[in-house]
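One structure below.
The values are calculated or read from the model by the stated rules, or taken from the named source; none is laboratory data. The structure displayed is predicted, hence computed values, not measured ones. Here the Cβ positions follow ideal geometry from the backbone for every residue, glycine too, while neighbour counts run over all protein chains shown. Note: areas computed on protein heavy atoms with side chains; ligands, DNA, RNA excluded. Shrake-Rupley method; radii C 1.70, N 1.55, O 1.52, S 1.80 Å.
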Amino acid sequence: MNNVIETINNRVSLRVYKDTPISDEDLNIILNSAIKAPTAGNMMMYSILKIKSDKTKEKLSVTCDNQPFIKNAPLILIFLADVNKWFNYFKVCGINNVKSPGLNDLMLGINDALIAAQNVVIAAESLGIGSCYIGDIMENYEIHKKLLNLPDYTFPACMLTLGYYPDNHKRNFRDRFDSDFVVFDEIYEDLNTDKLKDMFIVKENNMPKTNSCKAKNFGELIYKKKIDSAFSKEMNRSIIENIKCFIDEK
């Protein structure tokens, strides 16, 4: 197994960090790895916000679904889909009647941002720096817009907390679904009842018999905890509010 594959397989989400700032050398390597990521048409329709301020980290630990570990991360990186820069540049170039960015531009920007983020995750892991994806940055649109000075035609695709692994940290590897349920040949397979039960059998067997949601099975547990939760509803509201500028033609 080569070093890249070993790094990928050894990575876990890290939510506790050594109390050591990330060195400038390591940070430069990480950010350069982001810049080297594949990007649609070499347009790099994304921006990266470096967050080191304790005040901002404290705020994000509350606005991102009340997760205290966020404020303890030495570094936070927020990856924005950023169509704003390009369309401002088009105007600088004197292009007449520049159309407003569309959902296609937004989706390409999100793709670019997430690909760059994953490059950061793998590069950081190779340097002994753990990370955790925070999708909750998509919540509380109005608060984050003001906090981060986000103009229209930008979208916070994801957030990463980053920090060195604590000494002798025990990694907790979580099972993934078998590839038979994820990888299909040529065309999509709509899994039937039996295959869905096979897909989730390990999850069902490992599910706590008593849980705060009073769920009878794993599907009900995840539905109540994730899909029908307050944070999920807020995320949906915020996303709709954020992308209105991409839908309203001007």
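Observations on the model:
- Trypsin sites (Lys or Arg not before Pro) restricted to the range 59-147 and DSSP loop, no more than 12 other C-beta within 10 Å: 99
- Reciprocal of mean inverse Cα separation for the range 1-107 (Kirkwood radius, Å): 17.1 Å
- Of all accessible heavy-atom area on the chain, the percent that carbon and sulfur account for (1.4 Å): 52 percent
- Kirkwood hydrodynamic radius (C-alpha pairs) into Stokes-Einstein, the chain, 10 °C and 1.306 mPa s, D in µm²/s: 78 µm²/s
- Cα gyration tensor of the range 82-146 - equivalent ellipsoid semi-axes, whole Å, descending: 31, 16, 10
- Rounded if a/c under 1.5, otherwise prolate or oblate - the range 64-178, Cα gyration tensor axes: prolate
- Simple spin-label estimate for residue 53 and residue 204 gives 5.0 nm between the two label positions (7 Å along the Cα-to-Cβ direction from each Cα).
- Rounded to 10°, Cα long-axis angle of helix 230-242 versus longest principal axis of the chain: 20 degrees
- Taking the chain and dividing mean pair separation by its residue count, relative contact order in percent (alpha carbons under 8 Å, at least six apart): 26 percent
- Given a 1.4 Å probe and the protein chains as shown, residue 198 ends up with an accessible area of around 90 Å².
- Extension gain (nm, one decimal) between residue 232 and residue 12, 0.36 nm per residue minus Cα-Cα: 76.8 nm
- Taking a straight line from the alpha carbon of residue 195, these lysines sit under 26 Å away, with near neighbours fewer than eight places off in the same chain left out: 203, 209, 214, 216, 224, 225, 226.
- Residue-averaged 222 nm ellipticity for the chain, from DSSP H runs of 4+ at -39500 (n - 2.57), nearest 500: -13000 deg cm²/dmol
- Set against the 2.2 N^0.38 Å expectation for a compact globular protein, the range 149-224 has a Cα radius of gyration ratio of 1.64.
- Working from label points 7 Å from Cα in the Cα-to-Cβ sense, the residue 97 to residue 19 distance is 6.3 nm.
- Note, ³J(HN,Hα) from phi for the range 144-151, Karplus 6.51, -1.76, 1.60, rounded to Hz, x at Gly and Pro: 5, 4, 6, 4, 9, 6, 8, x
- Among the lysines of the range 3-136, pairs at least eight places apart or on separate chains and with Cα atoms under 28 Å apart come to 26.
- Evaluated over the Cα positions of the range 14-59, the convex hull gives a direction-averaged projected area, one quarter of its surface, of 4.7 nm².
- Amide proton proximity set for residue 158, modelled H, under 5 Å, gap of 5+: 79
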